[in-house]
1. Say we join alpha carbon atoms closer than 10 Å with springs in a Gaussian network model of the chain; which of 284, 115, 223 then has the biggest fluctuation?
2. With each run of n ≥ 4 DSSP H residues scored as -39500 (n - 2.57), what mean residue ellipticity at 222 nm is computed for the chain after dividing by its residue count and rounding to the nearest 500 deg cm²/dmol?
3. If the elastic network links every pair of Cα atoms under 10 Å, which of 209, 131, 304 fluctuates the most in the Gaussian network model of the chain?
4. In 5 Å bins starting at 0, how do the alpha-carbon pair distances of region 180-318 split up by percent?
5. Can you give the Kirkwood hydrodynamic radius of region 12-82 from its Cα pairs, in Å with one decimal?
6. For region 25-76, what relative contact order do you get, as a whole percent, if you take Cα pairs closer than 8 Å and at least 6 residues apart?
7. How many percent of the alpha carbon pairs in the chain exceed a separation of 36 Å?
8. Using a Gaussian network for the chain with springs between C-alpha atoms less than 10 Å apart, which of these wobbles most: 216, 291, 188?
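Rule-based calculations on the coordinates, nothing more; no lab input. In this text the structure is predicted, and so the values were computed from the model without any measurement. Note: ideal-geometry Cβ built from the backbone for every residue, glycine included; neighbour counts use all protein chains shown.
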Ligand SMILES: [Zn+2]
């Protein structure tokens with residue numbers, strides 16, 4: 001039986017079947033016990049290795065083109081300012097799944113923090129290693145050996161949903177975070193309107209990489225069991241949510257999923273069956289309708305149904 005990835009319960013509801021970019025098929029199941037969504041069958045190591053090959057991290061020096069990276073850096077900088085504003089100036093900070101380290105780099109501009117980034121081996125880690133603003137640890141969370149009560153703040157920005165063992169990961173995070181320390185989790189919102197509307201075509205299902213997807217209630221409940229209280233939540237993300245709607249709409253039209261997204265990352269092999277004109281029109285659609293879908297996400301976020309959830313938790317004082 002396909003037991004839940006988070007709580008190991010054997011009882012589930014079938015949400016729908018889906019297909020990934022490599023034509024492998026899965027079912028999305030929702031655990032009846034903890035409400036976590038997970039893939040069945042669980043992707044194999046070979047399937048995951050293929051899904052995290054160099055094309056995942058973008059073909060160029062960065063994940064996206066210079067223009068797109070510039071826009072993304074604007075969002076990362078705003079995020080860093082917001083996070084830094086809540087921390088004391090000598091805070092020790094760990095970003096789990098730091099990618100190329102751009103967020104930590106932005107954070108280093110805010111104050112004299114002691115910064116650490118954790119990233120699995122791959123192209124993103126190779127980019128991050130060049131940086132001097134933080135200490136990079138290459139590996140996964142289970143292989144680290146940080147002392148107990150070590151960090152003031154830990155972040156997982158679009159990373160938690162990739163974890164193959166969410167419960168074990170939270171146990172480790174709870175151990176290495178100081179009492180009263182902050183945990184920041186930002187991830188796609190499986191309970192959003194866009195997730196409900198597009199079902200298996202939703203961009204942010206990102207099969208087979210997103211192994212666990214919890215809605216706001218499920219995540220809060222799980223973290224509460226580990227001594228965390230939610231101190232803030234927001235559901236508006238112009239960085240992630242409008243593109244979620246746009247790519248999902250395109251997924252309804254085209255046979256292959258995530259064509260525009262792969263095109264923006266420079267994945268020529270994946271989009272080779274689409275003409276330059278077709279790809280240009282997809283890009284044009286993206287730029288022209290962007291303000292519209294920022295507006296729809298803003299409306300959705302008022303009802304806590306935006307495409308992205310940003311939650312901050314405080315670890316209970318022992
Ligand atoms: Zn469960």
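1. Most flexible of the set in this elastic network: 284.
2. Details: 10 runs with 112 residues, N = 318.
Result for the chain, helices only: -10500 deg cm²/dmol.
3. In this elastic network of the chain, the residue with the biggest mean-square fluctuation among 209, 131, 304 is 131.
4. Going out from 0 Å in 5 Å bins, region 180-318 shows 2, 10, 18, 19, 17, 13, 9, 6, 4, 2, 1, 0, 0 percent.
5. Value: 15.2 Å, from the Cα pair sum.
6. Details: 23 pairs, mean separation 9.6, N = 52.
The normalised contact order for region 25-76 reaches 18 percent.
7. On the way: 6907 of 50403 pairs.
Roughly 14 percent, once rounded to a whole number.
8. 291
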